Amino acid sequence: MDGLMDNNGRFPLETWFWEMPVCTRWWTTATVLCAGLVQCHLLTPFQLFYSYRAVFQKAQYWRLITTFLYFGPFSMDLLFHVYFQQRYSRLLEESSGRSPAHFSWLLFYAMSSLLLLSPFIGMPFLGHPLSSTLVYIWSRRNPDTLMSFLGVLVFRAPYLPWVLIAVSYVLHGVIPKDEILGVVIGHVWYFFNDVYPPLHGGSKPLDPPMWWRRLIEGRPRGEEVNDETANGMHNEFAVAGAGPEVPAPDMR
């Protein structure tokens with residue numbers, strides 16, 4: 001038993017779990033938990049999918065989140081999606097400096113975009129297009145990475161989303177609208193974060209706003225230092241002005 005543990009006394013699966021960045025860890029956990037609750041018949045898929053009427057007329061607001069968590073019952077297909085999801089989610093979150101604010105803002109942008117577009121294309125579960133969004137962004141940011149499909153087809157990372165779309169089409173016989181939608185949303189994010197800034201003085205329109213950073217990560221360290229400096233200056237002025245009172249000169 002001890003031979004299965006690492007130097008910290010953890011099993012490999014436990015080590016793999018705790019090494020994931022925080023956003024990826026919570027997303028992966030919620031996905032597996034959601035599938036488990038459905039498998040145990042504590043929930044049904046009909047309680048999880050996104051419906052405008054159910055959310056905004058019946059106040060079933062949890063559907064705004066659960067639509068991104070359910071990939072189907074326990075199966076090899078689910079394991080494949082969970083692995084794929086956590087892999088590229090983790091790579092993107094780690095490339096953002098493990099900043100929960102930046103990566104969670106990317107998730108918020110992608111989820112909001114998918115929720116807005118979902119009623120027009122009739123897509124009740126949005127986990128697949130969200131994963132496709134992350135795969136596309138990662139693939140464009142790693143253009144020189146070599147990928148392999150079944151050990152036969154070798155290609156560079158930017159072709160990965162299109163290879164997955166082609167495989168999905170061959171396996172299911174229909175054009176995967178969900179993956180194509182994920183590619184479109186991912187391209188918008190990639191353009192405004194990686195292509196647009198060098199052409200416009202470093203401006204990043206889709207960077208997380210300051211209120212979001214404060215909400216997720218607390219006050220930035222730079223602001224705290226500035227406040228401490230300002231408070232110190234105020235204290236120095238107060239001490240300088242708190243000297244002994246000098247009596248007014250006698251004018252008689």
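Would you confirm whether any residue within the stretch 232-243 is modelled with pLDDT under 90 and either among the basic types (Lys, Arg) or open to solvent by less than 40 Å² (accessible area, probe 1.4 Å) (or both)?
yes
Restricting the first residue to the stretch 73-84 and requiring it to be touching a residue at least 12 places away in the same chain (Cβ under 8 Å), which pairs with a second residue that is assigned to a loop (DSSP other than H, G, I, E, B) and not β-branched (Val, Ile, Thr) meet a Cβ separation below 7 Å and a spacing of at least six or different chains?
Qualifying pairs under 7 Å: Leu78/Phe71; Leu78/Gly72; His81/Phe71.
Looking at (1) farther than 17 Å from Leu91 by Cβ; (2) open to solvent by less than 80 Å² (accessible area, probe 1.4 Å); (3) free of Cβ contacts under 8 Å to residues at least 40 places away in the same chain; (4) in a loop (DSSP other than H, G, I, E, B), find the lone condition where Asp207 falls short.
Going through the list (1) farther than 17 Å from Leu91 by Cβ; (2) open to solvent by less than 80 Å² (accessible area, probe 1.4 Å); (3) free of Cβ contacts under 8 Å to residues at least 40 places away in the same chain; (4) in a loop (DSSP other than H, G, I, E, B), Asp207 breaks only (3).
Exactly one condition in (1) within 18 Å of Thr28 (Cα to Cα); (2) under 13 Å from the mean Cα position of the chain (by Cα); (3) open to solvent by less than 20 Å² (accessible area, probe 1.4 Å) is not met by Ile137; state its number.
Among (1) within 18 Å of Thr28 (Cα to Cα); (2) under 13 Å from the mean Cα position of the chain (by Cα); (3) open to solvent by less than 20 Å² (accessible area, probe 1.4 Å), Ile137 violates only (1).
Say we look at the stretch 23-51 and pick out the residues that are closer than 24 Å to Trp105 by Cβ and hydroxyl-bearing (Ser, Thr, Tyr); which of these is surrounded by the most Cβ atoms within 10 Å (Cβ to Cβ)?
Here the residue is Thr24.
Tell me which of these Ile65 doesn't satisfy, since it passes every other one: (1) surrounded by 17 or more Cβ atoms within 10 Å (Cβ to Cβ); (2) within 15 Å of the chain's Cα centre (by Cα); (3) in a helix (DSSP H, G or I).
It fails just one condition, (1).
The values are calculated or read from the model by the stated rules, or taken from the named source; none is laboratory data. Keep in mind it's a predicted model, so treat the numbers as computed, not measured. Virtual Cβ from ideal backbone geometry, glycine too; neighbours counted across all protein chains shown. For accessibility, only protein heavy atoms count, side chains too; no ligands or nucleic acids. Shrake-Rupley method; radii C 1.70, N 1.55, O 1.52, S 1.80 Å.
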